[in-house]
Every structure is written in C-alpha cells, then in structure tokens.
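The values are calculated or read from the model by the stated rules, or taken from the named source; none is laboratory data. Please read these numbers as outputs of a predicted model, since none were measured by experiment. Every residue, glycine as well, gets a Cβ built from its backbone with ideal geometry; the counts of neighbours run over all protein chains shown.
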Amino acid sequence: MIQITLPDGSQREYPAPLTVADVAASIGAGLAKAALAAKVNGKVVDTSFTIDTSCDLAIITAKDADGLEVIRHSTAHLLAYAVKELFPEAQVTIGPVIEHGFYYDFSFKRPFTPEDLTAIEKKMTALAALDEPIMRRVLPRDEAVAYFKGLGEHYKAEIIAGIPAGQDVSLYREGKFEDLCRGPHVPSTGKLKHFKLMKVAGAYWRGDHRNEMLQRIYGTAWASKEALQQHLTMLEEAEKRDHRKLGRELDLFHIDDHAPGLVFWHPKGWTLWQCVEQYMRQVYRDNGYLEVKGPQIIDKSLWEKTGHWDKYRENMFVTESEKREYALKPMNCPGHILIFKQGIKSYRNLPLRYGEFGNCHRNEPSGGLHGIMRVRGFTQDDGHIFCTEEQILSECVDYTALLQKVYADFGFKNIIYKIATRPEKRIGTDESWDRAEAALVESLKASGCDFEISPGEGAFYGPKIEYTLKDAIGRHWQCGTIQVDFSMPERLDAEYVGEDGARHRPVMLHRAIVGSLERFIGILIEESAGALPVWLAPVQVSVLNITDAQAEYAKSVAKMLKNQGFRVNLDLRNEKITLKIREHSMQKLPYLLVVGDKEMAAQAVAVRARGGQDLGTMSLDAFVQKIGSDVVNRSL
C-alpha cells in the first residue's frame, strides 16, 4: 500500500502506483479541476507525476505561490508556441519565470513590432482556448540534440549539448510545439487565461555581448483577471511615478552618455540630496556613530586579503600607478578596519561605531543601469560596528529600532524582514556561521518582528538581515541591511584588548539604513510621485506677485522666509497670476504664496497648498508657524 500524507496531517492509502491527478480526483472533483501541480516530499512536480512510494503530498492550485510560478512558466512556453505558429522561421532559446511574469528570447530576422505583439498575444489566447494537454517525455541527451537540430532549433541544440554526456533531458509538448524544459507545467493550455505581453527588448545570447543580439519578449501572467488588472494598474501608476521622468520634469538630475551610470545633480536635486544626507548625518551623531572618510583608491593586495578580489573583480574599476595595481573601492568595509587598527583598542571602546557617506564604484553592465536606481557610482550611508560577540544582540536590536524610526520619518512604515543565511560559497567556519545566524534570529525576535528566512542568500562573509520597504503602490524595495562578520576582522588582523588583558578579535557588523543615497532618493521620488514632503522639498514655498505694484513686498516676504531658513523661490515675472500658479503647481511645490494689494496692505499672504487647496489669507507669522511645524515634525 502507498501511504500519502496531506498538508493537514491526514493520511490516505492507495493499493498501487498512481498519478498526482488521480490523488486529487480521489479527494474531490473541485480539487481535481483546480490542480496545477503538486509538491511530493517538497519537490514541485506535474500532475502527471507517478507516485509509487509513500510520501508527503500537497496539491498546488492557482491560490498558491508555487501555482503562480507554474502558470508563468507555462505561459512562457505558450508565448514560444504562438511565435512559432506565426513566425515559423524564428528560433527559440530560453524562457524563464521572472518577478511578476516571464520572458522568452528569440532569434528572428527582423525586429518584432507592437503589431506583432498584439498578434502573438491573440494567438496565445486562441491556443489556450484549445485546452491542449501539456505532455512530458524524456530523451537521452544526444537524441535530444539531434532532434532539435532536425527542427532547425540550433540554440536549443547548443543548450542541450552543454549538458553532461549520458544524461537524459525532459521535453514538454503542447499541440505542435515541443520545448526543452525541466518543468513542471500546468496540465493543459486551458489553465492559462490571464496574461499580457508587455514589451520587446534586446538581449545577447547567453548574456555575452560578443554573441548575437536576440529579441526578448516580456509578459506577465496571473491567476485571475482581477490580479492581472491590478498589476496593470500598478504599472500605469509606476510609469507616472518613474523617477527618470520626474527627474527631468522637476529639474533634479540627468544621466549623460559621457558618464554612463553616473549622475549629474542639478541644484534642486542636490538640495534634495543634502536634505537626506544631513538628516542621516544627524542620525549618526544622535546614535553614537563617529563619522570617518576612507580613500577612493586602495591597493589590490587589500582586496585580495578580504576576499573581494575573488568575488567582485569583474565589477571593480581597476587602475595602475608606478607598477602597482589599485581598485576604486566598491565598498567601504576594508577601509574601516584599517581605521580601527590605528592605535590600541580596548574592550572599553566597544561597541565602536563608524559611519561614512562613502563614494563607491561598481562596473555594472550597461544593460542593467536604470536612472539613479542602478548606477556605477553611488554613495552609501555606510556604517560598521566593532563589538564583542556578547554585544551583537543588543546592537542588532538597537539598530532595528533606529532603522524603523528613520523609515517612518521618510514615510515608510510597512517593513518586511528577512534573514539571509549562509551561501554555498563562503568564508569562515560553520561554527561562526551558526553563532552569527542565531544572533540575528534572536535580535528580530527580541524586536518583536515577524520575519522570513532566505536560505543561501547571505553575503560570502556573513549572514544578514534585509529590511525591505513596501511603497504606496505595493512595490518592494530592499534598502537596509545589517550583517554579522566574524571573518574580515580575522583576515585583516583587527584586535582589541579584552578585560583579561589578552588580544581578541572584534565582531564586525556591516550596516546601512538607506543604502545607496542615489537609489533611495529615486525611491522617495517615486513614492511621493515627485510631491516631496515639505522637509525634503527642494523648493518649499514660492512667492508670486500679482502686479509690479507688489514686487517690493514680495521680495521682503521671500527674504524674511529665507532668513528663517526656508527654501524659497521668488517669481516677479510680468505674467498673469493664473499662469504663474499653474507653472509652479506643476513643479509640485508644497506652498504658493500669492500677494496682491489686499495682502500687501494687511502685511499678509494668500496661501495655496499643493493640490490646489486654498488655505486663505494668513499673517506672515501664522504661515511661518505652519510651515515650520511641517518641517520640524517632518510632516508627510
């Protein structure tokens, strides 16, 4: 008898081998219809998978995260099927699942057009309506190579030829189309109903710029019509909030081909930058951090000692002087250890917290650059805490509380917590990793935070907590982190004198709250749709006169506000007041002050808040009190 244990702990017995679909049918017709795949002893399999021994079984439906991934995987194959139906000479390559959807790369003689995408999506819908079964078969590697060569699919043949000799490969067929794939897939094309093709982009074969440029078709797929529509609405909103678009419209920054991946900050953008940096600098001062500054260029030998040379060499900018090889620093941590090592440190000095607004450079691929979100030169609010092992817990608890306050000040209160554990390739002993991971788990428990475990996602030198923000339209942004590192102080011979008079290794905690300032500012711009809160707005108030008769009074109002420390724009142009109001409103300024004869006579101002809200006439003192309260309280 085969004994199957279900997720609720109940067990069922069957007299002979049977498929996942058979088990689902035995449980109920509704489940049989909804089944997309299953987990057998934790492994995701097709519903056609044969169970021939006792196991744990969970049926996967569209309600499950694994079910959504199977839907997207199968929809990628449906896309390739439709392309081959419409353009038989196109060659298929790879088509993986990505966040929110999938893509498939094709080799084709001409660029796909928007009209092509419309036709392909229509064909996908027609093929799905046929509800053709998706069938799996297995071939020896060499037979599979010959099979795809015979179809003229040379890219597929090349992929399979890279598999070790003697291995079998699995293929999936739906109707006339058959593709190489490990699976699993939905039982039939009829399960694929809610999808949309999004765009076409270029992609080099195997990601190598020396190879052919392929065409990558992106799509999204969801379990329901409502979920698809919600996603498309979110994308529309995200497009309106795109920081690159708003950066141009609000005159904050630009990116130039003369310096790819680097940012040219305009006066207003640099004002925003300084607001964020000076706020974070105050956070350092208020929480016991000593600000330091390390050099930009460091000898290769240091990066070799820390392990970065082996791990990050491809992403490091390298230079040479007097026959010595140097690298622009991609991170600040080795420099902070060298600062720590200057002079004898005692246990009484610990914890010792260093902070730096460190300029770092990483040679990111040009295809991965994205506005100010993904750049080659960036500044981190970087910090490193040198402490004893006994201090790890309290430092991590205090850090989480600090990070929560900072995020709340910027308007983010929804935080997702994850602990990333040891990766396969790492330095340090298993014992040190055990202690480091346990400390992070205990710290989040002590902080009262619910968290997830991300197995294998830690840095090569230590585990970490990742703090992810959820923004106004539901997107996730991983920003903050704290990492426990026993290894780098060992590699660079950092020591302190303990209470026992002996030399000891400190533990190094790597931490960043906002991470890259460039990226975080991009997030702030998109979160606010450019309507930044008063304390961050590059221009907080604009003073507008109605006629030349109020020009001198308008100047005096602007001067008084500037003397109070506010960021003020003065518009004395000989234009209609309605035009001025419209233009300044489009700049998303928090406040507009209109002064005419009536306001001048009363030594007052007519106040308009962002969004066209008329706050009426106020005395200058009343307005200063109002805007001052917004700034001090960091009103959102």
**Complete:** Per the list (1) within 29 Å of Thr125 (Cα to Cα); (2) in a loop (DSSP other than H, G, I, E, B); (3) of a type in the set (Gly, Ala, Ser), residue check on Gly9 breaks on (1)
**Message:** Would you confirm, using the coordinates I've provided, whether Ala65 is within 29 Å of His100 (Cβ to Cβ), out of contact with any Leu (no Cβ under 7 Å at 6 or more places or on another chain), hydrophobic (A, V, I, L, M, F, W, C) and without any contact (Cβ under 8 Å) to a residue 40 or more places away in the chain?
**Reply:** yes
**Asked** Of the numbered conditions (1) hydrophobic (A, V, I, L, M, F, W, C); (2) crowded, with 17+ Cβ neighbours inside 10 Å; (3) within 22 Å of the chain's Cα centre (by Cα), Leu214 satisfies every one except a single condition; which is it?
**Response** (3)
**Message:** I'm trying to understand the selection: among the residues of the range 199-211, which are charged (D, E, K, R) and over 21 Å from the mean Cα position of the chain (by Cα)?
**Reply:** Arg206, Asp208, Arg210
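Which of the following residues is not aromatic (Phe, Trp, Tyr) and not in a helix (DSSP H, G or I): Gly261, Gly247, Gly269? Walk me through it before giving the result.
Numbers: Gly247 fails: not in a helix (DSSP H, G or I); Gly269 fails: not in a helix (DSSP H, G or I).
Exactly one residue qualifies, and that residue is Gly261.
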**Message:** I'd like to check which helices (runs of 4 or more DSSP H) are fully inside the range 537-636 and have at least 3 residues that are closer than 29 Å to Gly411 by Cβ.
**Reply:** 551-563, 577-586, 620-632
**Message:** For the range 493-542, which positions are of a type in the set (Gly, Ala, Ser), surrounded by fewer than 23 Cβ atoms within 10 Å (Cβ to Cβ) and more than 25 Å from Thr468 (Cα to Cα)?
**Reply:** Ala494, Gly498, Gly501, Ala502
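Let's see how each residue does on (1) modelled with pLDDT of 95 or more; (2) out of contact with any strand residue (DSSP E or B) (no Cβ under 7 Å at 6 or more places or on another chain); (3) on the phi > 0 side of the Ramachandran plot:
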{"position": "Lys598", "(1), (2), (3)": "yes, yes, no"}
{"position": "Met618", "(1), (2), (3)": "yes, no, no"}
{"position": "Gly628", "(1), (2), (3)": "yes, yes, no"}
{"position": "Arg634", "(1), (2), (3)": "no, yes, yes"}
**Asked** Which one is nearest to Lys345 (Cα to Cα) among residues in the range 379-405 that are surrounded by fewer than 20 Cβ atoms within 10 Å (Cβ to Cβ) and among the aliphatic types (A, V, I, L, M)?
**Response** Leu393
**Request:** Considering (1) part of a strand (DSSP E or B); (2) under 12 Å from Arg491 (Cβ atoms), say which one Lys305 fails and leave the rest.
**Result:** (1)
**Prompt:** Out of all the residues in the range 328-346, which are over 21 Å from Thr388 (Cβ atoms), out of contact with any Lys or Arg (no Cβ under 6 Å at 6 or more places or on another chain) and either without any contact (Cβ under 8 Å) to a residue 40 or more places away in the chain or in a loop (DSSP other than H, G, I, E, B) (or both)?
**Reply:** Leu328, Lys329, Met331, Asn332
**Request:** List the strands (runs of 3 or more DSSP E) that sit entirely inside the range 443-493 and contain at least 1 residues that are over 12 Å from Cys396 (Cα atoms), touching a His at 6+ places or on another chain (Cβ under 7 Å) and at pLDDT below 95.
**Result:** 464-470, 476-485
**Complete:** Filtering the range 127-151 down to residues that are out of contact with any strand residue (DSSP E or B) (no Cβ under 6 Å at 6 or more places or on another chain), assigned to a loop (DSSP other than H, G, I, E, B) and modelled with pLDDT of 95 or more yields Leu130
**Request:** Among the numbered conditions (1) in contact (Cβ under 8 Å) with a residue 12 or more places away in the chain; (2) among the polar types (S, T, N, Q); (3) surrounded by fewer than 17 Cβ atoms within 10 Å (Cβ to Cβ), tell me where Thr306 comes up short.
**Result:** (3)
**Asked** Can you spot a residue in the range 157-177 that is part of a helix (DSSP H, G or I), farther than 20 Å from Leu79 by Cβ, touching a strand residue (DSSP E or B) at 6+ places or on another chain (Cβ under 9 Å) and not basic (Lys, Arg)?
**Response** yes
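Give the range 217-245 a look and list any residue that's among the hydroxyl-bearing types (Ser, Thr, Tyr) and surrounded by 13 or more Cβ atoms within 10 Å (Cβ to Cβ), or say none.
Of everything in the range 217-245, those that are among the hydroxyl-bearing types (Ser, Thr, Tyr) and surrounded by 13 or more Cβ atoms within 10 Å (Cβ to Cβ) turn out to be Tyr218, Thr220.
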